[in-house]
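The structure under discussion appears below in the form of structure tokens.
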Amino acid sequence: MGNQVEKLTHLSYKEVPTADPTGVDRDDGPRIGVSYIFSNDDEDVEPQPPPQGPDGGGGGLPDGGDGLTLPSPQPYDPRLHEVECSVFYRDECIYQKSFAPGSAALSTYTPENLLNKCRPGDLVEFVSQAQYPHWAVYVGNFQVVHLHRLEVSNSFLTDASQGRRGRVVNDLYRYKPLSPSAVVRNALAHVGAKERELSWRNSESFAAWCRYGKREFKIGGELRIGKQPYRLQIQLSEQRSHTLEFQSLEDLIMEKRRNDQIGRAAVLQELATHLHPAEPDVGDSDAARTTPPPGRPPAPAREEGDREAVVH
């Protein structure tokens, strides 16, 4: 149709086409949409575990060592490691992760305690610092169905967690859910599917499809034509946010998951560098205070990397 296809890498926010940084949707011309092509499922990346002490619980040297003692790992706090954000389809909010007082997103549990809160058909998310969040569908009898390492598997919840804390996330997406029995049937019907048989790029897309049944969660479930209808609004502070636009929910989910994997501090630093390259100074940790520059963002740069993007 006359569209020019160009391969770009996507390593940081300075390379991502964005909407107006203030969050105002201005119809001053076409914007560039990005679709991602990944060689592997995002959860195939091996996590980098924190340093372990001799008892497996903390970082440090054995008693009597001559070196410095490493600090003990801190309890997982979603406000420190995750990104508060909302997703819009045109003007409708279809997803929201809020860390307001009393929010369910703030409460995470050990796998054993999480079992007491799960009901068949629930969506479960396992979280840990510097790892992609892992989603699963609870199907009863202490078991979940989840997409992991390019295969849909039926596992015990405690095994699927791999020691990570978890929470029930039925309320993040605002679509109308299917009945619990239909959610369980959807999940169990795909156990054993792998590689080329898969219609989802990651565990979140698979689990969400099982619960809501919407084709938008599948690979190629939407045509990427015209103006980008999806917006990812990243909350920088109580008063400020930054908006990215996408042509499909599939692509937006990949970006949202990347944000949680690299962590809130890294996302804010990337945005600060992109929105106002002259600030902050080296060593300035207050990335969220950077003022967005007026006008359109700079064009995406080309670099070598592990990820590719196709511009439509």
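The values are calculated or read from the model by the stated rules, or taken from the named source; none is laboratory data. Since the structure is predicted, the reported quantities are computational estimates derived from the model, not experimental observations. Counting neighbours? That spans all protein chains shown, and the Cβs are built from the backbone with ideal geometry, glycine included. Accessible surface areas use protein heavy atoms only, side chains included; no ligands, DNA or RNA. Shrake-Rupley method; radii C 1.70, N 1.55, O 1.52, S 1.80 Å.
General observations
- Rounded to the nearest 20, the Cβ-based charge dipole of segment 78-275 about its Cα centre (Lys and Arg +1, Asp and Glu -1) stands at 220 debye.
- For segment 78-275, the carbon plus sulfur part of the accessible surface works out to 47%, probe radius 1.4 Å.
- Full-extension gain in nm, Asn154 to Ile262, via 0.36 nm per residue minus C-alpha separation: 36.1 nm
- FRET efficiency, Gln162 to Ser241 (Cβ-Cβ, R0 41 Å, nearest 0.05): 0.80
- Chain lengthening between Cys93 and Arg79 when straightened (0.36 nm per residue, less Cα-Cα): 2.9 nm
- Compared with the direct C-alpha span, the chain from Thr110 to Lys214 gains 34.4 nm at full extension, assuming 0.36 nm per residue.
- Once the 1.4 Å probe is applied to the protein heavy atoms, segment 78-275 comes out at 43 Å² accessible per residue.
- Selection of trypsin sites (Lys or Arg not before Pro), segment 166-210, meeting DSSP coil and at most 15 other Cβ within 10 Å: Arg174
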